[in-house]
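The values are calculated or read from the model by the stated rules, or taken from the named source; none is laboratory data. Keep in mind that this is a model prediction, so the values were computed, not measured. Note that we place each Cβ from the backbone using ideal geometry, even for glycine, and neighbour counts take in every protein chain shown.
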Amino acid sequence: MIFEKLKWSVTAVVLGVLLAASGNAQQTHKAARPAAKSAAPAYQPGLEPHAIDILKAAGARLAAARTMSFTAVVSYESPSRLGPPLIYSTRSEVTMQRPDKLRVITPGDGPPSEFYYDGKTMMAFAPKENLVAVADAPPTIDDALQAAYVKGAIYFPFTDVIVTDPYKDIADGLKLAFYIGQSIVVDNTTTDMVAYITGDVFVQAWIGTEDKLPRRIYAVYLDDRARLRHVLALSNWKLDVPVPADAFASTQTAGAARIAFARPDATDVPGMKPPPKIRAAKTQ
């Protein structure tokens, strides 16, 4: 908000000239200075209670779900040789069961991929190349997600949605949060819009007013000079529905060629951005 200062000029006003018998006498009176306007208080960024309540409600709804499935469409910008960024998108079908099962099927754009975690092992499968990588995994989804990134550079932009405590995952680094208003155009439902900064990421989120489920998440990394945008659209939510026992394994991998579960040579793939809390293990 820009505040303009009013400038006042004070001019001497001659009220009158009085003639006296003994000679001429002149009196000058000055107009009183107007009272200065008090300046409006400067905006102080902080954590607005209403915005925090919305984020907490969304986190609680997600944390309480024993099973969930949803569609995640990720769109991200990547620099082009011409200057303006190009936009790429991927779609993933996600199914999870707390505390130790996860399936992510990504048919495109780009090379299709599949990820399975059953509480004991995690498996990354490339159906087009018919390659599969398998590794032992920790006993919780949170730890398995970190292990997948450290061992194989596998990172899902919707990680904050499926961890054990989604609100705590962002609250640890929360620096600013404010309420924007409501929208009726995202995913054909009414959503509350909030913006916040957690760690080094500026986020705007659209969260269902009634069901408290996130529908769109817009993120910009503050340390990115280009301010490239990442958008996550979430739809087709299903919470606490039965999931088949064999949903977290694939029968198509039986004849696939085995490869090591390791980080690829190119770790700077466009659109890949590790979460602030997760860092690759240092090489000795």
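So, in the range 223-233, how many residues would count as being farther than 11 Å from Pro157 by Cα and in contact with a strand residue (DSSP E or B) (Cβ under 6 Å, 6 or more places away or on another chain)? Give the steps one after another, and end with the answer.
Step one: list which residues in the range 223-233 are farther than 11 Å from Pro157 by Cα, which gives 223-229.
Subsequent filtering for residues that are in contact with a strand residue (DSSP E or B) (Cβ under 6 Å, 6 or more places away or on another chain) retains 227-229.
Matching residues across the range 223-233 total 3.
What pairs come out if I take residues in the range 73-90 that are without any contact (Cβ under 8 Å) to a residue 12 or more places away in the chain and exposed (fewer than 13 other Cβ atoms within 10 Å of the Cβ) and pair them with residues that are assigned to a strand (DSSP E or B) and small (Gly, Ala, Ser) whose C-beta lies under 9 Å away, six or more apart or interchain?
Leu86/Ser78
In the range 46-93, what residues are among the hydroxyl-bearing types (Ser, Thr, Tyr) and assigned to a loop (DSSP other than H, G, I, E, B)? So that I can check it myself, show each step before the final result.
Initially, the range 46-93 is screened for residues among the hydroxyl-bearing types (Ser, Thr, Tyr), giving 67, 69, 71, 75-76, 78, 80, 88-90, 92.
Scanning the range 46-93 gives a single hit, Ser80.
Among what's in the range 91-113 and is touching a residue at least 24 places away in the same chain (Cβ under 8 Å) and farther than 13 Å from Thr140 by Cα, pick the residue that is surrounded by the fewest Cβ atoms within 10 Å (Cβ to Cβ). Walk me through how you get there before you give the answer.
So in the range 91-113, the residues touching a residue at least 24 places away in the same chain (Cβ under 8 Å) come out as 92-104.
Applying the additional criterion that residues be farther than 13 Å from Thr140 by Cα yields 92-95, 103-104.
Values: Ser92: 21, Glu93: 15, Val94: 21, Thr95: 19, Arg103: 22, Val104: 21.
The extreme case among them is Glu93.
Here are some residues: Ala233, Ala153, Ala219, Ala205. Which one is in contact with a Lys or Arg (Cβ under 8 Å, 6 or more places away or on another chain), modelled with pLDDT under 95 and closer than 28 Å to Thr140 by Cβ? So that I can check it myself, show each step before the final result.
On the way: Ala233 fails: modelled with pLDDT under 95; Ala219 fails: modelled with pLDDT under 95; Ala205 fails: modelled with pLDDT under 95.
The match here is Ala153.
Within the range 242-263, can you find the residues that are surrounded by 14 or more Cβ atoms within 10 Å (Cβ to Cβ), within 17 Å of Glu129 (Cα to Cα) and among the hydrophobic types (A, V, I, L, M, F, W, C)?
Ala256, Phe261
Before we move on, is Met193 of a type outside the set (Lys, Arg), modelled with pLDDT under 95 and either surrounded by 15 or more Cβ atoms within 10 Å (Cβ to Cβ) or under 20 Å from the mean Cα position of the chain (by Cα) (or both)?
On the way: of a type outside the set (Lys, Arg): yes; modelled with pLDDT under 95: no; either surrounded by 15 or more Cβ atoms within 10 Å (Cβ to Cβ) or under 20 Å from the mean Cα position of the chain (by Cα) (or both): yes.
Here the answer is no, as Met193 does not meet what is asked.
Can you name the residue in the range 212-241 that is touching an Asp or Glu at 6+ places or on another chain (Cβ under 6 Å) and either among the aliphatic types (A, V, I, L, M) or not in a strand (DSSP E or B) (or both) and, of all such residues, is surrounded by the fewest Cβ atoms within 10 Å (Cβ to Cβ)?
So the residue we want is Asp223.
Out of all the residues in the range 127-149, which are assigned to a helix (DSSP H, G or I), more than 21 Å from the chain's Cα centre (by Cα) and surrounded by fewer than 16 Cβ atoms within 10 Å (Cβ to Cβ)?
none
How many residues are of a type outside the set (D, E, K, R) and buried (at least 16 other Cβ atoms within 10 Å of the Cβ) if we restrict to the range 179-188? Explain how you work it out, then say what you get.
Within the range 179-188, the subset of a type outside the set (D, E, K, R) is 179-186, 188.
Now restrict to residues that are buried (at least 16 other Cβ atoms within 10 Å of the Cβ): 179, 183, 186.
Matching residues across the range 179-188 total 3.
Determine whether the range 199-217 contains at least one residue that is more than 30 Å from Pro49 (Cβ to Cβ) and acidic (Asp, Glu). Show your work before the answer.
Taking the range 199-217 and keeping what is more than 30 Å from Pro49 (Cβ to Cβ), we get none.
No, the range 199-217 contains no residue that is more than 30 Å from Pro49 (Cβ to Cβ) and acidic (Asp, Glu).
Output the residues belonging to the range 67-126 that are of a type in the set (D, E, K, R), more than 26 Å from Ala262 (Cβ to Cβ) and at pLDDT below 95.
Glu77, Arg81
Is it true that Thr209 is polar (S, T, N, Q), surrounded by 13 or more Cβ atoms within 10 Å (Cβ to Cβ) and closer than 30 Å to Lys101 by Cα?
Numbers: polar (S, T, N, Q): yes; surrounded by 13 or more Cβ atoms within 10 Å (Cβ to Cβ): yes; closer than 30 Å to Lys101 by Cα: yes.
Criteria met by Thr209.
What number goes with the only condition from (1) in a loop (DSSP other than H, G, I, E, B); (2) of a type in the set (Val, Ile, Thr); (3) in contact (Cβ under 8 Å) with a residue 24 or more places away in the chain that Val161 does not pass?
Condition not satisfied by Val161: (1).
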